[in-house]
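Quick notes on the structure that follows.
The values are calculated or read from the model by the stated rules, or taken from the named source; none is laboratory data. It should be emphasised that the depicted structure is a prediction, and the values quoted were computed from it without experimental measurement. Quick reminder, even Gly has a Cβ in these numbers, built from the backbone with ideal geometry, and neighbours come from all protein chains shown.
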Ligand SMILES: Cc1ncc(C[n+]2csc(CCOP(=O)(O)OP(=O)(O)O)c2C)c(N)n1
């Protein structure tokens, strides 16, 4: 008879989860010992890094990834990745060790209440009642993680379970495409057929459901203006497409104003809507027909207005395309590139991104975390390929670095670029070590402005004032820190040195970090200024 440990590796193999991201402790060692040769273990020096790399890897692969962390110690440190995975619909099977069942009642050292801790941010949190249920629980967790909306599941596994005897577990097929109701989609078709000026709002689920090409074809068929969802975790429409009108603002009235010219709006794969600053107003101009097609029952139920249809976004786009009338050419002004910024000193983020846009290969992948420079990045990086852009789904810093490394490990043929703030990088900085050890060829571009510019911007935007502690972070030398982890790193201070530094980075192999001294930002809050009538907190 096989052991729980042997059957578990067999199940992981059958489910395609042979790359394991982790950070070990005593309670995991009985599982990790003698790992079969066809498995690869990728070590993160902190759980935010380990689970965060798995997150990037899973997003690139489009399938669940196995993570092994350490008891409650790791569940706490790795929790922010679970939040990202839950809100970003990323399938992860996260496990942590538990103390030996035989003395668990005595509350031994490292006893774990991780299952209760992670519950709000996973699709399932469970500690198997019997040792021999462990492999089947992993299989069940995998299938649940892969059901739309995808997301993380969590298992706590007592350390004495691995040596128990256990029956084999057969691999099952569980289909995961949920088709939207055609009768409901006919309502969307009828509204589009009657519309004078429709718009599409494109969201991250288009990539989750692999619907990029169907949505581009639909937009062209309808000749509809296309807007990206507010604060997008993915870009899901070609940035230079003539129908692309840019991103929506994350506040009620400004967003409704942006869409005011449209009589019908169809939101594909996004919430209605993701807001940041509280600027009360209509969700959408009264009289506008609003539809949402989403793979998330949660988003459907939480939408503030409109008719929601739950199901696969790619299938919905295909259905609407084949049933709605084609429309004549769009009369709106086509998308035009922003004016080229000047090389100023100190370097402006807009100049940095305009040079990066010129230098990087067009199939590059951007994984960003640069809060106050998001707007400039959005304006100047013009990528037209699917799966080109990743950003934090809910503002929990620490996402960027590990996600970039995971994305790079999963797709070595597309260069991953990670623009990251000098504050943001600190939340998962030890990922630099994993990038070096695994030769993940990410180009990290640190925007070094020595403060929390985004927060200062928010202070101004909401009239909190500037008399707030903890807004400056002087004296951090990211070049030395990266070198300490074994990474090639250099500093750029003058605008004329950006282009050569970037060209050299793209021409070279291996990861590297470029720390760019930039002007302090924060003039705008997620693209909004005083003209939107922001909330006042003073
Ligand atoms: C884990 C976490 N802690 C704190 C914050 C609050 N926060 C939002 S933006 C920001 C500043 C980040 O600084 P930096 O990366 O240098 O970017 P900048 O604002 O200067 O553009 C902070 C601390 C957060 N979102 N997440």
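Worth a mention:
- Near pairs, Cβ below 9 angstrom, 6+ apart or cross-chain, from the range 69-84 (more than 24 Å from residue 30 (Cα to Cα)) to any residue that is at pLDDT below 95 and crowded, with 24+ Cβ neighbours inside 10 Å: 82/75
- Filtered residues of the range 353-371 (kept if assigned to a loop (DSSP other than H, G, I, E, B), closer than 21 Å to residue 449 by Cα and away from the ligand (no atom under 16 Å from the Cβ)): none
- Any hit, the range 527-538, residues being free of Cβ contacts under 8 Å to residues at least 40 places away in the same chain and more than 14 Å from the ligand (Cβ to nearest atom): yes
- Scanning the range 106-158 for residues that are part of a strand (DSSP E or B) and buried (at least 20 other Cβ atoms within 10 Å of the Cβ) returns 125, 152, 153, 154, 155, 156, 157, 158.
- Within the range 213-225, tally of residues that are surrounded by 22 or more Cβ atoms within 10 Å (Cβ to Cβ) and either without any contact (Cβ under 8 Å) to a residue 12 or more places away in the chain or within 21 Å of the chain's Cα centre (by Cα) (or both): 1
- For residue 181, the requirement of being touching a residue at least 12 places away in the same chain (Cβ under 8 Å) and more than 23 Å from the chain's Cα centre (by Cα) is met.
- For the range 492-526, a tally of residues being away from the ligand (no atom under 16 Å from the Cβ), farther than 18 Å from residue 357 by Cβ and in contact with a strand residue (DSSP E or B) (Cβ under 9 Å, 6 or more places away or on another chain) returns 6.
- Yes/no for residue 73 being farther than 14 Å from residue 122 by Cα and in a helix (DSSP H, G or I): yes
- Within the option set 251, 324, 277, 316, being touching a helix residue (DSSP H, G or I) at 6+ places or on another chain (Cβ under 9 Å) and modelled with pLDDT under 95 holds for one residue only, 277.
- Filter result (within 9 Å of the ligand (Cβ to nearest atom) and either at pLDDT below 95 or under 28 Å from residue 415 (Cα atoms) (or both)) within the range 457-481: 457, 458
- Residue 300 being assigned to a helix (DSSP H, G or I) and without any contact (Cβ under 8 Å) to a residue 24 or more places away in the chain: yes
- The range 390-416 - residue that is within 17 Å of residue 378 (Cα to Cα) and surrounded by fewer than 24 Cβ atoms within 10 Å (Cβ to Cβ) and, of those, nearest to the ligand (Cβ to nearest atom): 395
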